[in-house]
Amino acid sequence: MATLIAENFRFLSLFFKSKDVMIFNGLVALGTVCSEELFSVFAFNCPCSPARNYIYGLAAIGVPALALFLIGVIWNNHTWNLVAECHKRGTKNFSTAATFLLFGSIMGRAAVAPVTWSVISLLRGEAYICALSEFVKPSSLDKFPGDYGAEVLAGFPCKDVPANLTKFRDEVTRRLKYESQLFGWLLVGIVAVLVFLTKCLKHCCSPLSYRQEAYWAQYRSNEDKLFYRTAEVHSRILAAKNVKHFFGFVALDKEEKELVQEFPVEGVQPSPQWNAITGVYIYRENKGFPLYSRLHKWAKGVEGNGPTPEGHELLFLAS
């Protein structure tokens, strides 16, 4: 049981696996901050009406965060690798805990943008003030006129209030902004602690040395770049061949002619090969030698996805 738990925790290495991931997360966060600023300047407009303020304020924080979260899930390659894995091979190779952690890691990366949006919204305080101004109790305000109620309080974010209520508007705004920023900083602290704990668990549970892990990250990056670059050239040459077969000729520029002459394409890869290199990859060793990707495993002729007497598979996901 202890071994299973330790192996499942290695799935946490999916977070911040390489510097590229850190840079990407930073760019996502920066883009989210800029988007939130533009939204606040050009789009945010509190209705200053009872019952509407609360819905509008929560929507201004929650709806963009939800949209950013879904976009993050869609853009994550692991999402579609997981879909392909479940479609082709099912989840028989993953325990319940491992599957849960895999989903958690996908959602964790997707949460970078929505968390950033929520934090910036709370630190600015405009949406929070709009949502909760009408719920401030008049009795909590010293010498607040008794003939004014929630309808006037709901108008505080718009600054369209009677002159005798200006000081109360400032007090309510200051109080709610304090609460909003407090929640924002608490969210920052919670996220920072979670990231720190994740990094610690990742390094503690990693079956690889630091140098081998760095090499693996470099290998994955180079393999992806070369694979997609080669796939683009291969598909172009194959398309040129088929177009020529249909029309009797094909209009190629000088670069494309050189590619066709240098890299003759005889056919296409069968579907079983594509299926073999597609899906969630778990770090594997065969007879003591590491296999760094599904393509690497296929090239070495290693079959299956589970541990064998000759090989040892470690539950360590490639990011």
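With respect to the conditions (1) free of Cβ contacts under 8 Å to residues at least 40 places away in the same chain; (2) open to solvent by less than 70 Å² (accessible area, probe 1.4 Å); (3) touching a helix residue (DSSP H, G or I) at 6+ places or on another chain (Cβ under 7 Å), Lys202 falls short on a single one, namely (1).
Being of a type outside the set (A, V, I, L, M, F, W, C) and assigned to a helix (DSSP H, G or I) is the filter; apply it to segment 119-135 and report the residue that is surrounded by the most Cβ atoms within 10 Å (Cβ to Cβ). Looking at the filtered set, the residue picked out is Ser133.
Test Leu176 against the criterion of being touching a residue at least 60 places away in the same chain (Cβ under 8 Å), assigned to a helix (DSSP H, G or I) and in the same structural domain as Leu68 (by the TED database), and give yes or no.
No; evaluated as a whole, the condition is false for this residue.
Apart from one condition, Thr173 fits all of (1) β-branched (Val, Ile, Thr); (2) more than 22 Å from Ile61 (Cβ to Cβ); (3) crowded, with 16+ Cβ neighbours inside 10 Å; the exception is (2).
The residues on offer are Phe183, Phe168, Phe196, and the sole one that is part of a helix (DSSP H, G or I), of a type outside the set (Ser, Thr, Tyr) and loosely packed, with under 12 Cβ neighbours inside 10 Å is Phe196.
Hey, can you tell me all the residues within segment 136-164 that are assigned to a helix (DSSP H, G or I) and crowded, with 19+ Cβ neighbours inside 10 Å? Correct list: Val152, Leu153, Ala154, Phe156, Pro157.
Could you pull out every one of the helices (runs of 4 or more DSSP H) wholly within segment 1-90 that has 3 or more residues that are at pLDDT below 85 and surrounded by 13 or more Cβ atoms within 10 Å (Cβ to Cβ)?
Values: elements: 2-9, 19-42, 52-75, 77-88.
Qualifying helices (runs of 4 or more DSSP H): 2-9, 19-42, 77-88.
Scanning segment 240-286 for residues that are in contact (Cβ under 8 Å) with a residue 40 or more places away in the chain and in contact with a His (Cβ under 8 Å, 6 or more places away or on another chain) yields a single hit, Val280.
Residue count for segment 205-215 under the criterion of being outside any helix (DSSP H, G or I) and without any contact (Cβ under 8 Å) to a residue 60 or more places away in the chain: the result is 1.
Filter segment 205-249 down to the residues that are polar (S, T, N, Q) and either loosely packed, with under 10 Cβ neighbours inside 10 Å or under 27 Å from Ser293 (Cα atoms) (or both) and list them by number.
Answer for segment 205-249, where residues must be polar (S, T, N, Q) and either loosely packed, with under 10 Cβ neighbours inside 10 Å or under 27 Å from Ser293 (Cα atoms) (or both): Ser206, Ser209, Gln212, Gln218, Ser221, Asn222, Thr230, Ser235.
Any idea how many residues of segment 250-282 are in a loop (DSSP other than H, G, I, E, B) and open to solvent by 60 Å² or more (accessible area, probe 1.4 Å)?
The qualifying residues number 8.
The values are calculated or read from the model by the stated rules, or taken from the named source; none is laboratory data. What you are looking at is a predicted structure, and each value in this text was computed from that prediction instead of being measured. Cβ atoms come from the backbone with ideal geometry, glycine included; neighbour counts cover every protein chain shown. With ligands, DNA and RNA removed, areas are computed over all heavy atoms of the protein, side chains included. Shrake-Rupley method; radii C 1.70, N 1.55, O 1.52, S 1.80 Å.
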